[in-house]
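Student: Mind having a look at this structure? Questions to follow.
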Amino acid sequence: MKVNKEDNMKIEDLKKLSNEGIKNIPSVERRQFLQFGLAITGVFLGGTVLSLTSAKNVDGAVSGGKILDGNYPYSPHYTMVIREKHCIDCEKCLDACRSTNNVSLHGYRTDILERSVPKAPGERERIFMPILCNHCNRPPCVRVCPTSATFKDEINGIVRMNISKCIGCKTCMAACPYNARFFDEEIRAIDKCNFCYDTKLKESNGKITACAAACPANVRVFGDLTNPDTPAYKLIHSAGKVFWVLRPELNSMPNVFYVEK
Amino acid sequence: MILEKKIDSKYITFGPQEILFVVLAIISMIGLSFGAHALLVGHDNVFGTSREIPWGILISPYVFFACLSTGLCIVLSLGQIFNIEVFKPIINRTAFLSLVTMATGLMCITLELENPWRVPFFALLSPHPASNIWWKTTIYSLFMIFMVFNLLSLFMKNEKKARIFSIIALLTVTMGNLNMNSDMAILGGRGFWSENYMPLYFLTLSTLTGCAAILLFTWIANKLNKETPTEAENNALRATSRLFLALLVGLLYFTGVKIMGGFYPEFTKNPEAMYLLVQGNFAPNFWIGEVILAVILPILLVLLSRGRNKGMLAIASISCLVGTFTLYYHLVIVGQLIPHYFQFNVVGLPQYYSYTPSLHESMITVGAIFFFLAAFVFGEILFRKINFGK
Ligand code: SF4
Ligand code: SF4
């Protein structure tokens, strides 16, 4: 990517500014940095220093200290860690999700986004990014639902649906920053990922979801944040490990984390 | 035979007003029947909405009519609650219009729901007080009840009682208006209405459209009834036009803030959406609808009319109402057009999502507007028959 003189100057100027954290940086600015091949990130392990790092695939990354405070309000506190660079877009997870949960053809519960990320000047890297409901700790979808048709399970934190209460106002769809919900005309209610609550998760005694079980590259690592022995826990609790969530500036506190490998 | 003789001829006439009412009602029914069809087959099949754009054009007439009702109630309160003499001659019509505009708004939002029949059960059995949309439905439904009692008391000439209901209705609807903002503002992930000025903006828009509706519909009513307004009515309209002008200047300020946001991202919380509105694909709509029709043209016409030329005031009002309708449409739609993952260099992701209202959505909107017009004419017929208009 060509960075011209003027752009360089802007970055130099910004580096001189005192740190205010990333939450006040408008998305336009963030986007401009990405265009330069740089991303605004926090510093890991509890720091809140503004740093400009190579964008590669850490857009929106923030420090572990900010998105994980060590308090896991649910037990088990389910999570999924996505080992992004391992994804080969075979879509076996998508098929498994659809067949296990009988997902209608009106929509999908999980998807794979293909990204073309600036790597070095003139070079781009292709990355496949699985997305699904983040089972946010502060879920905007739950907050807005007028009839509590969508709710956060008080035991395990899964954001679930009670389809018989859904009036189809679609406010939750408008509120979800991650495009994780759709209206299924067949059941006349919202459908969304529920970590296979009533299917694979139940069958496996809370061990795994259909997508994670189907993934040949072990990209989707399902686990419990209250259990330090699970691989998912370890993936985001190792010193120096870079991990991030999507769109952290919205403060929805996702429970789906991303790591490179 | 004896009974027939007793009925005054004015109760059984079927003149031009009645014909007009039937025509408007038929058009409204045709439009609304598209809503019934959409309910039967499911919105996915006939609406332009999608997973990415879940809220379509029907939210705009809902916001438009609910805010209009609020504005009418505020102007009503000037005469009925605050006893400002000059506004008293327009109390009855304003109260009626406030009621039917709210009914129209609630009808629009009902037809926007996929399962409206579940609302009465689960809004009561499974309420979610943290949800603004739950409050909004509850507040506006209560408002309608208070307004019905207000009208009934006015009809029975019990002004004291009417005033009490009017006070409760005003408090209720103002809460609803403030809630309308927070309802959308928490949808921060989608670049919706989260600007700091929004609560005041909504209140200004509501009162402004309320004034416009009074100027327009009093003029139409005078034409329909072939009446010349009394001096007291003229004074009321002149006072309303002054308020209208002041609010137009207020809206001019807010429009200026929006324009700044469109050109300079630091002036807005939604830079992507504001750019799209002011400089992007929506720019023609914005400049024609929100700037010229909603503000500039009405200001010029009100100034030229000097508050006396009723026809000119009516045109200013139509222009303003059409302009504010486009404004609400933009408020609902533009924020949703910014893709969820726009920062992620996703291959094949459009720069903006797209949305076009479908035939069904457009027809329901037309049906709702004609429902309101039919209700207005019905009100005029009723007022004439029971001698209630003044
Ligand atoms: S990702 Fe969307 S649907 Fe899932 S919990 Fe968060 S806001 Fe709700
Ligand atoms: S569409 Fe259903 S689940 Fe979503 S907010 Fe409305 S009632 Fe709740």
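The values are calculated or read from the model by the stated rules, or taken from the named source; none is laboratory data. Predicted, not measured: the structure shown is a model, and the values here were computed from it. Glycine also receives a Cβ, built like all others from the backbone with ideal geometry; neighbour counts cover every protein chain displayed. Each accessible area value is taken on the protein alone, full model and side chains, heavy atoms only, with ligands, DNA and RNA left out. Shrake-Rupley method; radii C 1.70, N 1.55, O 1.52, S 1.80 Å.
Student: Could you say whether any residue in the range A:170-179 is open to solvent by 10 Å² or more (accessible area, probe 1.4 Å) and away from chain B (no Cβ under 14 Å)?
Tutor: no
Student: Looking at A:TYR178, is it over 30 Å from B:PHE342 (Cβ atoms) and within 16 Å of ligand 1 (Cβ to nearest atom)?
Tutor: Values: over 30 Å from B:PHE342 (Cβ atoms): no; within 16 Å of ligand 1 (Cβ to nearest atom): yes.
Criteria not met by A:TYR178.
Student: Kindly indicate whether any position in the range B:193-208 is away from chain A (no Cβ under 14 Å), under 30 Å from A:ASN251 (Cα atoms) and not in a helix (DSSP H, G or I).
Tutor: Applying the first criterion (away from chain A (no Cβ under 14 Å)) to the range B:193-208 yields B:196-208.
From what's left, under 30 Å from A:ASN251 (Cα atoms): B:196-203.
When the remaining residues are screened for being not in a helix (DSSP H, G or I), the result is B:196-197.
Yes, the range B:193-208 has at least one match.
Student: Please verify whether A:ASN102 is more than 16 Å from ligand 2 (Cβ to nearest atom), more than 9 Å from chain B (Cβ to nearest Cβ) and open to solvent by 40 Å² or more (accessible area, probe 1.4 Å), treating the condition exactly as stated. Walk me through how you get there before you give the answer.
Tutor: Details: more than 16 Å from ligand 2 (Cβ to nearest atom): yes; more than 9 Å from chain B (Cβ to nearest Cβ): yes; open to solvent by 40 Å² or more (accessible area, probe 1.4 Å): yes.
In short, yes.
Student: Same structure, new question: Inside the range B:346-363, can you point out the residues that are of a type outside the set (S, T, N, Q), within 24 Å of B:ALA25 (Cβ to Cβ) and crowded, with 16+ Cβ neighbours inside 10 Å? Lay out the reasoning, then the answer.
Tutor: We begin by selecting, within the range B:346-363, every residue of a type outside the set (S, T, N, Q); these are B:346-350, B:352-353, B:355, B:357, B:359-361, B:363.
Now restrict to residues that are within 24 Å of B:ALA25 (Cβ to Cβ): B:357, B:359-361, B:363.
Within the range B:346-363, B:PRO357, B:HIS360, B:GLU361, B:MET363 meet the criteria.
Student: Then there is this: Of the residues that sit in the range A:115-161 and are under 20 Å from A:CYS211 (Cβ atoms) and more than 15 Å from ligand 1 (Cβ to nearest atom), which one is nearest to the other protein chains (Cβ to nearest Cβ)?
Tutor: A:ARG115
Student: Could you list, in sequence order, the residues of the range B:110-131 that are facing another protein chain (nearest Cβ under 8 Å), more than 16 Å from ligand 1 (Cβ to nearest atom) and not hydroxyl-bearing (Ser, Thr, Tyr)? Lay out the reasoning, then the answer.
Tutor: First, pick out the residues of the range B:110-131 that are facing another protein chain (nearest Cβ under 8 Å): B:112-116, B:118-119, B:122-123, B:126-128, B:130-131.
Okay, now just the ones that are also more than 16 Å from ligand 1 (Cβ to nearest atom), so B:112-116, B:118-119, B:122-123, B:126-127.
Across the range B:110-131, the qualifying residues are B:GLU112, B:LEU113, B:GLU114, B:ASN115, B:PRO116, B:ARG118, B:VAL119, B:PHE122, B:ALA123, B:PRO127.
Student: Being near ligand 2 (Cβ under 7 Å from one of its atoms), open to solvent by less than 20 Å² (accessible area, probe 1.4 Å) and among the aliphatic types (A, V, I, L, M) is the requirement here; does A:ILE158 meet it?
Tutor: Working: near ligand 2 (Cβ under 7 Å from one of its atoms): no; open to solvent by less than 20 Å² (accessible area, probe 1.4 Å): yes; among the aliphatic types (A, V, I, L, M): yes.
So A:ILE158 fails the test.
Student: Another question, then. Do any helices (runs of 4 or more DSSP H) entirely within the range B:240-348 hold 1 or more residues that are over 30 Å from B:ARG51 (Cβ atoms), and if so, which?
Tutor: Values: elements: B:271-278, B:297-305, B:310-333.
Correct list: B:297-305, B:310-333.
Student: Would it be correct to say that A:CYS169 is free of Cβ contacts under 8 Å to residues at least 40 places away in the same chain and more than 17 Å from the chain's Cα centre (by Cα)? Write out each step before concluding.
Tutor: On the way: free of Cβ contacts under 8 Å to residues at least 40 places away in the same chain: yes; more than 17 Å from the chain's Cα centre (by Cα): yes.
Judged against the criteria, A:CYS169 is a match.
Student: I want to confirm something. Restricting to the range A:187-197 and keeping residues that are assigned to a loop (DSSP other than H, G, I, E, B) and within 16 Å of ligand 2 (Cβ to nearest atom), which single residue is surrounded by the fewest Cβ atoms within 10 Å (Cβ to Cβ)? Outline the logic, then answer.
Tutor: Initially, the range A:187-197 is screened for residues assigned to a loop (DSSP other than H, G, I, E, B), giving A:187-188, A:193-197.
If we keep only those that are within 16 Å of ligand 2 (Cβ to nearest atom) too, we end up with A:187-188, A:193-194, A:197.
Working: A:ILE187: 15, A:ARG188: 17, A:CYS193: 26, A:ASN194: 19, A:TYR197: 19.
Only one residue fits best here, namely A:ILE187.
Student: Applying the selection to the range B:267-291, what residues are closer than 21 Å to B:MET198 by Cα, more than 14 Å from chain A (Cβ to nearest Cβ) and touching a residue at least 24 places away in the same chain (Cβ under 8 Å)?
Tutor: Those that are closer than 21 Å to B:MET198 by Cα, more than 14 Å from chain A (Cβ to nearest Cβ) and touching a residue at least 24 places away in the same chain (Cβ under 8 Å): B:LEU277, B:PHE282, B:ASN285, B:PHE286, B:GLY289, B:GLU290, B:VAL291.
Student: Something else now. Which of the helices (runs of 4 or more DSSP H) contained wholly in the range B:26-127 include at least 3 residues that are surrounded by fewer than 24 Cβ atoms within 10 Å (Cβ to Cβ) and at positive phi? Steps first, answer last, please.
Tutor: On the way: elements: B:43-46, B:59-80, B:91-112, B:119-125.
Fully inside the range B:26-127 and qualifying: nothing.
For (1) farther than 30 Å from B:GLY15 by Cβ; (2) buried (at least 20 other Cβ atoms within 10 Å of the Cβ), each residue gets a yes or a no:
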position	(1), (2)
B:VAL322	no, no
B:VAL334	yes, yes
B:PHE344	yes, yes
B:THR365	no, yes
B:LEU373	no, yes
B:VAL377	no, yes
B:ILE381	no, no
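Student: Please work out which residue is nearest to B:ILE292 (Cα to Cα), limiting yourself to the range B:237-261 and to residues that are more than 12 Å from every other protein chain (Cβ to nearest Cβ) and small (Gly, Ala, Ser). Full working, then the answer.
Tutor: Taking the range B:237-261 and keeping what is more than 12 Å from every other protein chain (Cβ to nearest Cβ), we get B:237-260.
Those still in the list that are small (Gly, Ala, Ser) too: B:239, B:241, B:246, B:250, B:256.
Numbers: B:ALA239: 24, B:SER241: 18, B:ALA246: 17, B:GLY250: 15, B:GLY256: 12 Å.
Here the residue is B:GLY256.
Student: Then there is this: Consider the range A:181-205. How many of its residues are under 17 Å from A:GLY107 (Cα atoms), among the aliphatic types (A, V, I, L, M) and more than 10 Å from ligand 1 (Cβ to nearest atom)?
Tutor: The first filter runs over the range A:181-205 and keeps only residues under 17 Å from A:GLY107 (Cα atoms), leaving A:181-196.
Checking the rest, the ones that are also among the aliphatic types (A, V, I, L, M) come to A:187, A:189-190.
Restricting the remaining residues to those that are more than 10 Å from ligand 1 (Cβ to nearest atom) gives A:187, A:189.
Of the residues in that region, 2 qualify.
For every residue, the table says whether it meets (1) over 24 Å from B:TYR341 (Cα atoms); (2) more than 16 Å from ligand 2 (Cβ to nearest atom); (3) open to solvent by less than 10 Å² (accessible area, probe 1.4 Å); (4) of a type in the set (A, V, I, L, M).
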residue	(1), (2), (3), (4)
A:PRO130	no, yes, yes, no
A:SER164	yes, no, no, no
A:THR199	yes, yes, no, no
A:LYS202	yes, yes, no, no
A:ALA213	yes, yes, no, yes
A:PRO216	yes, yes, no, no
A:THR226	yes, yes, no, no
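Student: List, please: which pairs have Cβ atoms under 9 Å, are six or more places apart or on different chains, and start with a residue in the range B:156-168 that is without any contact (Cβ under 8 Å) to a residue 24 or more places away in the chain and end with one that is assigned to a loop (DSSP other than H, G, I, E, B) and exposed (fewer than 15 other Cβ atoms within 10 Å of the Cβ)?
Tutor: none
Student: Are any of the residues in the range B:152-159 assigned to a helix (DSSP H, G or I) and small (Gly, Ala, Ser)?
Tutor: Start the filter on the range B:152-159 by keeping residues that are assigned to a helix (DSSP H, G or I), which leaves B:152-155, B:159.
Imposing the further condition that a residue be small (Gly, Ala, Ser) reduces the set to B:153.
Checked the range B:152-159: at least one residue is assigned to a helix (DSSP H, G or I) and small (Gly, Ala, Ser).
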